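Visitor: Pasting a structure here, questions to come.
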Ligand code: NAP
Ligand code: ZN
Ligand code: ZN
């Protein structure tokens, strides 16, 4: 297979900083779209993976799965895109396409495992996949998304992971009018969860550890805000929520948030801390409560979310950074010091 070299930013070891490097990309095959990457969001999963916190990272690692850019080349069999179009890529670049779940459009739950945009098994080049902290990416058109033309492009990038990862469970558990929905952890995912749940018509309750986010949460669309470190506030809201979406990246006590659910309520975890989270039996039994999980969303569902955001003018609140500042951004991410998503201006890689 023919390849060419592009600049990228990545890391060689768990404790090493990210640095500029060169990687290879395949020349577009018949079904491929080649994208010049303009912006790439910085997800906490990038940090978990770069530092091998979930184990299984293959080095070098080039993170980035909130990708928007412009099409520079299409293969002879591509029908959805042409050169010059805007295009986006999220957390997956392929799946088996044959299993029960792929056939339903649930490629994220592919029986063989979806192929992740970075640190996945690249079936073309027989190595790990490399993500969006790079000049270009080449992806099968079936896994490339269309970008609504009316949205700010940099602020659209985070929809590709933070947007779909909160959209999918909110839809699955039927967030909407008459539902009280709690969002825990107002980072990249959480702030998108607030905006999307509000736009779906739910009554939105933000649950945060950060006093500095209380007023801001209302601007994002929250109807109520609970400071989770204030025991009296948590107690006053016990048994009031139909659904809780837990977007926390670090170890935390899930039992405290399960108490907020009504009988038959569900707490769905999308946050992915590195270590197990203990659950007390009596956090679930008395109210017939469910503790669940959810990962990203299927391709059709991701397009549906992007189109919804176009119609409702929803984007992420971002802080635009240069790629040379990525290591500093990771340190700030760990402190919860971002309102609410870092996005890399990829022009900084090209200078
Ligand atoms: P982020 O921007 O760093 O946000 C995480 C938020 O969690 C923080 O802003 C903070 O919110 C809260 N938090 C942090 N430490 C906490 C603690 N000790 N106790 C309680 N709350 C705490 O991260 P993100 O990019 O949104 O990602 C969140 C998590 O989701 C990560 O683990 C990521 O890997 C995972 N993820 C999963 C999927 C999936 O498919 N399931 C997809 C993408 C990301 P407050 O200041 O409001 O408390
Ligand atoms: Zn992500
Ligand atoms: Zn499959």
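The values are calculated or read from the model by the stated rules, or taken from the named source; none is laboratory data. Quantities reported herein were computed from a predicted structural model and do not represent experimental measurements. Quick reminder, even Gly has a Cβ in these numbers, built from the backbone with ideal geometry, and neighbours come from all protein chains shown.
Visitor: Spot the failing condition for residue 212; the list is (1) under 30 Å from residue 331 (Cα atoms); (2) modelled with pLDDT of 95 or more, and only one is missed.
Guide: (2)
Visitor: Going through 82, 31, 104, 123 one at a time, which residue ends up being at pLDDT below 95 and more than 15 Å from ligand 2 (Cβ to nearest atom)?
Guide: The conditions single out 123.
Visitor: Looking only at strands (runs of 3 or more DSSP E) that lie completely in region 50-117, which have at least 1 residues being under 28 Å from residue 324 (Cβ atoms) and more than 16 Å from ligand 3 (Cβ to nearest atom)?
Guide: Ranges flagged: 67-74, 86-89.
Visitor: Separate question: Enumerate the helices (runs of 4 or more DSSP H) found wholly within region 210-328, keeping only those where 3 or more residues are in contact (Cβ under 8 Å) with a residue 12 or more places away in the chain, surrounded by 13 or more Cβ atoms within 10 Å (Cβ to Cβ) and away from ligand 1 (no atom under 11 Å from the Cβ).
Guide: Per the criteria, 299-312.
Visitor: Condition test on residue 175, is it modelled with pLDDT of 95 or more, surrounded by 24 or more Cβ atoms within 10 Å (Cβ to Cβ), touching a strand residue (DSSP E or B) at 6+ places or on another chain (Cβ under 6 Å) and under 20 Å from residue 303 (Cα atoms)?
Guide: Judged against the criteria, residue 175 is a match.
Visitor: Suppose we filter 269, 261 for residues that are within 16 Å of ligand 2 (Cβ to nearest atom) and closer than 17 Å to residue 183 by Cβ; which single one remains?
Guide: Values: 261 fails: within 16 Å of ligand 2 (Cβ to nearest atom).
Checking each option against the conditions leaves just 269.
Visitor: Take the residues of region 157-168 that are over 16 Å from residue 300 (Cβ atoms) and part of a helix (DSSP H, G or I): which is nearest to ligand 2 (Cβ to nearest atom)?
Guide: Per the stated criteria, the residue is 162.
Visitor: Mind checking which residues of region 25-49 are more than 16 Å from ligand 1 (Cβ to nearest atom) and not in a strand (DSSP E or B)?
Guide: Once the filter is applied, which keeps residues that are more than 16 Å from ligand 1 (Cβ to nearest atom) and not in a strand (DSSP E or B), region 25-49 yields 27, 28, 29, 30, 31.
Visitor: For region 189-203, enumerate the residues that are more than 16 Å from ligand 2 (Cβ to nearest atom) and either assigned to a helix (DSSP H, G or I) or under 10 Å from residue 170 (Cβ atoms) (or both).
Guide: Answer for region 189-203, where residues must be more than 16 Å from ligand 2 (Cβ to nearest atom) and either assigned to a helix (DSSP H, G or I) or under 10 Å from residue 170 (Cβ atoms) (or both): 194, 195, 197, 198, 199, 200, 202.
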